[in-house]
Amino acid sequence: MDSHKTSREEKIKLYDNLVASYPVALRKGDTMPYTSLNGHMYSYFTKDDFMALRLPEPERIKFMEKYKTTLVQQYGIIQKEYVVVPDNLLHNIDELKPYFITSYQYISMLKPKPGKKKE
């Protein structure tokens with residue numbers, strides 16, 4: 001077992017490296033790093049020090065089985081489309097990146113949320 005517990009700062013750096021590995025993704029947020037497209041968030045780093053990733057149902061089920069993880073629960077609410085990314089997977093960008101890309105592609109198919117118009 002790894003005796004070194006990865007700090008929040010280290011995990012955020014790993015998250016940033018993942019986002020940077022996919023050029024169309026843009027990291028947003030200062031205290032809570034996240035990625036979004038057309039007003040839909042598809043990944044974020046929680047205040048509880050783990051990465052959450054939004055996946056379509058078939059991939060979400062396979063991901064949870066493969067990595068023995070769960071849906072994200074924040075503020076007592078289960079976020080049905082978000083999975084908890086295990087820390088060991090966060091350390092393996094090559095293995096995690098295809099899921100990140102799937103998440104981006106999934107969100108890109110959703111209708112943009114109405115928001116502030118950009119001039």
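Some notes on this structure:
- Carbon + sulfur, % of accessible area of region 1-61 - ligands and nucleic acids excluded, 1.4 Å: 55 percent
- Rounded, prolate or oblate (a/c below 1.5 giving rounded, otherwise prolate when a/b exceeds b/c) for the chain by Cα gyration tensor: prolate
- Here the simple spin-label model places points 7 Å from the Cα toward Cβ, and for residue 88 and residue 20 these points are separated by 2.6 nm.
- Förster radius 25 Å - calculated FRET efficiency between residue 31 and residue 97, Cβ distance, rounded to 0.05: 0.50
- Between 67, 42, 34, the Gaussian network model of the chain with springs among Cα atoms under 10 angstrom shows the greatest mean-square fluctuation at 67.
- Per-residue extension of 0.36 nm, minus the Cα-Cα distance of residue 111 and residue 61, leaves a gain of 15.7 nm for this segment.
- Probe 1.4 Å - accessible area at residue 51, Å² to nearest ten: 0 Å²
- Each of 107, 18, 90 was scored by the projection of its Cα onto the charge dipole of the chain, and the greatest displacement toward the positive side belongs to 107; charges sit on the C-beta of Lys, Arg, Asp and Glu.
- Looking at region 9-54, the trypsin sites (Lys or Arg not before Pro) that sit in a DSSP loop and have at most 13 other Cβ atoms within 10 Å of their own Cβ are 47.
- Taken about its Cα centre, the chain carries a charge dipole of about 540 debye when Lys and Arg each add +1 at the Cβ and Asp and Glu each add -1 at the Cβ.
- Long-range HN-HN contacts of residue 42 with modeled amide H, under 5 Å: 35, 36, 37
- Cross-link pairs 13/66; 13/47; 62/97; 11/47; 5/66 - those with Cα-Cα distance over 18 Å: 13/66; 5/66
- For region 1-99, the per residue solvent-accessible surface stands at 59 Å², with DNA, RNA and ligands left out and a 1.4 Å probe.
The values are calculated or read from the model by the stated rules, or taken from the named source; none is laboratory data. Being a predicted model, the structure only gives us computed values, none of them experimental. Positions of Cβ are backbone-derived with ideal geometry, glycine not excepted, and every protein chain shown enters the neighbour counts. For accessibility, only protein heavy atoms count, side chains too; no ligands or nucleic acids. Shrake-Rupley method; radii C 1.70, N 1.55, O 1.52, S 1.80 Å.
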